[in-house]
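> Okay, here's the structure, questions in a sec.
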Amino acid sequence: MATAAPTRTEQVYARMRSDILSGQLTPGAKLPFAELVARYGGSTSVIREGLTRLVEQGLVQAEPQHGFRVVSLSISDLDDLTTARCELEGLVLRLSIAAGDLEWESAIVAAHHTLERTPRSDDVDADPGALSDEWRAAHSRFHNALIAGCPNVRLRTMASSLRDAAELYRSWSGRFGHDQHRDIPAEHGAIAQAVLSRDADRAVAELTAHLRRTADLLIGLGQSVSEGDGADALEQTARRED
């Protein structure tokens, strides 16, 4: 069965999202409608719909009387977001392990297989920390597959929303906080193995450690940039890199 071609709205939304996550639209940057229409070729209504979806995902923020801008990066927000994710995703993962069936297990195996074989970067020699759109999509499918067995739809939706909000931080962690000694594929493998073994305690511990490593890398970098409270240290670093 042929897959329907993406609509103009979907195309514009996907391009804007990719440009935000790749750093072409930097954290905190204003998003004027006129510039977006010229850049992406969509109508004002198409641009507005794309921005609305990005607001829902926590990648763009709407400011009354001022329009839209890419969300800012901050140490305090990242710390709060990571704590919330560890608590909520840990709970949802436990419920998935308790209720997940064979189909759920098979989906995890397939998603992990795809993630393992998807290159993290389109150009490893030029930027080893960069994340390709294909890897981001495979990474998202893997983490979503882990919690898909949870029977509580509201909890799953909340967990997915937090993951969306963390996407910008995750992308920038690769761009200016790449850890040469970190074995991310091994981390994913450890999570998948624990989940498929139905070892909830180990699975939650592996997931929590995985989420914390990314956050700690960025927080440490931000603190090294600013000796103040660090509220905008990550955004300052992002702008320097751009």
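The values are calculated or read from the model by the stated rules, or taken from the named source; none is laboratory data. Every value quoted in this text rests on a predicted model; they were computed, and no experiment measured them. Counting neighbours? That spans all protein chains shown, and the Cβs are built from the backbone with ideal geometry, glycine included.
> How many residues are in contact with a Ser or Thr (Cβ under 8 Å, 6 or more places away or on another chain) and under 23 Å from GLU167 (Cα atoms) when one looks only at the range 25-45?
Restricting attention to the range 25-45, the residues satisfying the condition of being in contact with a Ser or Thr (Cβ under 8 Å, 6 or more places away or on another chain) are 27-28, 33, 37, 42.
Now restrict to residues that are under 23 Å from GLU167 (Cα atoms): 27-28.
Count: 2.
> Here's something else I'd like to know. Conditions first: (1) at pLDDT 90 or above; (2) of a type in the set (D, E, K, R); (3) surrounded by 17 or more Cβ atoms within 10 Å (Cβ to Cβ). ARG136 passes all but one, so which condition is the exception?
(1)
> Could you run through the range 29-85 and say how many residues are among the aliphatic types (A, V, I, L, M) and either touching a Pro at 6+ places or on another chain (Cβ under 9 Å) or in a loop (DSSP other than H, G, I, E, B) (or both)? Please lay out each step first, then the result.
The initial filter retains those residues of the range 29-85 that are among the aliphatic types (A, V, I, L, M), namely 29, 31, 34, 36-38, 46-47, 51, 54-55, 59-60, 62, 70-71, 73, 75, 78, 81, 84.
Of the ones still in play, those that are also either touching a Pro at 6+ places or on another chain (Cβ under 9 Å) or in a loop (DSSP other than H, G, I, E, B) (or both) are 29, 31, 59, 70-71, 73.
Residues in the range 29-85 being among the aliphatic types (A, V, I, L, M) and either touching a Pro at 6+ places or on another chain (Cβ under 9 Å) or in a loop (DSSP other than H, G, I, E, B) (or both): 6 in total.
> Checking the conditions here, which among LEU54, LEU59 is in contact with a Lys or Arg (Cβ under 7 Å, 6 or more places away or on another chain), outside the structural domain of LEU217 (by TED's automatic domain parsing) and touching a residue at least 60 places away in the same chain (Cβ under 8 Å)? Show your work before the answer.
Values: LEU54 fails: touching a residue at least 60 places away in the same chain (Cβ under 8 Å).
After ruling out the rest, the residue left standing is LEU59.
> Among (1) out of contact with any helix residue (DSSP H, G or I) (no Cβ under 9 Å at 6 or more places or on another chain); (2) modelled with pLDDT of 90 or more; (3) part of a helix (DSSP H, G or I), which single condition is GLU89 missing?
Single failed check for GLU89: (1).
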